[in-house]
Amino acid sequence: MNEDRPRKSLFTWLTSLRLFSGAPKSHNEMKHILREAEERQLVDSDALSIMEGAIQVADMQVREIMIPRSQMAFVKSDQKPKEFLPLIIESAHSRFPVLGENDDEVLGILLAKDLLNLVLEQNTDHFRVKEILRPVTFVPESKRLNVLLKEFRATRNHMAIVIDEYGGIAGLVTIEDVLEQIVGDIEDEHDFDEEDSFIKQVGEDTFMVKALTSIQDFNESFHTHHEDFEFDTIGGIVMGKFGRLPECDESIVIGQHEFKVVNGNNRQIHLLQVTKIKQEE
């Protein structure tokens, strides 16, 4: 008899839920409500994943997703085109920090497209990279991703240099890095699945590790001996130790490392923060 009744919209359902249950008091409560909405088929799984990602960025800091200094591709201000163009071509990035005499001195950002005029020039010896630099933005490691995204949108910047507590360069972060926390990996024609891209060092003993990293690759990188009889990925081992799908920010110690869930949804873990536990002497 009720088959022809129109399905309640997400907005209507959330409004009625708030009237009877009150507003959610935490991000976790909001996630549970959204997952219930998916079970009621008010939203599909892709929409749920994006909404959970949007909530998650409010709890994440720049240090969790930044490209560490050791992996930055940069140009020195005193380099000639023939010295830095191979790097530009090989990396296929669109933006590059330009460093001054001091390695902690970032003079500006070089856009690859601003180098197109070099093709028309017969003599590049008089080219000075300082003359075409764009302004650089600096952000602390502790900045929240939702705040950074607002700043990116307001200033129309796509890259920021991350500084540590001493004012030195800790790494860099792009608007794409932030958006990937919401919508998932954004791949382009220059992306490829290198093993190194699954593991990034962000501190002395801290690493960001994709949950899909194979157990063999993890063992080789961290000199561990996790078995791969039951699971194929490190994310599978973490879920197995929890005995359930863990929530974001939950941590567990496995062997000599602490594993913290940094990003995931109601179906799987996406990103782990792995920290080596220091042994007491």
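The values are calculated or read from the model by the stated rules, or taken from the named source; none is laboratory data. The model shown is predicted, which means the values in this text are computed figures rather than measured ones. Glycine also receives a Cβ, built like all others from the backbone with ideal geometry; neighbour counts cover every protein chain displayed.
Has the range 254-262 got at least one residue that is exposed (fewer than 15 other Cβ atoms within 10 Å of the Cβ) and over 19 Å from I277 (Cα atoms)?
no
State the number of residues belonging to the range 145-168 that are of a type in the set (A, V, I, L, M, F, W, C) and over 17 Å from the mean Cα position of the chain (by Cα). Full working, then the answer.
Of the residues in the range 145-168, the ones of a type in the set (A, V, I, L, M, F, W, C) are 145, 147-149, 152, 154, 159-163.
Checking the rest, the ones that are also over 17 Å from the mean Cα position of the chain (by Cα) come to 154.
Residues flagged as of a type in the set (A, V, I, L, M, F, W, C) and over 17 Å from the mean Cα position of the chain (by Cα) within the range 145-168 amount to 1.
Condition check ((1) at pLDDT below 90; (2) in contact with a Leu (Cβ under 6 Å, 6 or more places away or on another chain)) across all residues:
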position: T224; (1), (2): no, no
position: G235; (1), (2): no, no
position: P246; (1), (2): yes, no
position: S251; (1), (2): no, no
position: Q256; (1), (2): no, no
position: V262; (1), (2): yes, yes
position: N266; (1), (2): yes, no
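Quickly run through the range 75-95 and pick out the residues that are touching a Phe, Trp or Tyr at 6+ places or on another chain (Cβ under 6 Å) and hydrophobic (A, V, I, L, M, F, W, C).
Residues of the range 75-95 that are touching a Phe, Trp or Tyr at 6+ places or on another chain (Cβ under 6 Å), as a first pass: 75, 81.
Within the range 75-95, V75 is the sole residue that qualifies.
Residue by residue through the range 225-281, note down the ones that are without any contact (Cβ under 8 Å) to a residue 24 or more places away in the chain, among the small types (G, A, S) and in a loop (DSSP other than H, G, I, E, B).
Listed by number, the list holds a single entry, G243.
Answer yes or no as to whether D103 is over 20 Å from G167 (Cα atoms), surrounded by 12 or more Cβ atoms within 10 Å (Cβ to Cβ) and among the acidic types (D, E). It would help to see each step written out before you state the result.
Values: over 20 Å from G167 (Cα atoms): no; surrounded by 12 or more Cβ atoms within 10 Å (Cβ to Cβ): yes; among the acidic types (D, E): yes.
The answer is no for D103.
Which of the numbered conditions does E176 fail, given that it passes all the others? Conditions: (1) closer than 22 Å to A54 by Cβ; (2) under 13 Å from the mean Cα position of the chain (by Cα); (3) surrounded by 15 or more Cβ atoms within 10 Å (Cβ to Cβ).
Result: E176 passes all but (3).
Select from the range 157-182 the residues that are closer than 23 Å to S214 by Cα and modelled with pLDDT under 85 and list them in ascending order. Reasoning before the result, please.
Step one: list which residues in the range 157-182 are closer than 23 Å to S214 by Cα, which gives 177, 180-181.
Matches in the range 157-182: E180, Q181.
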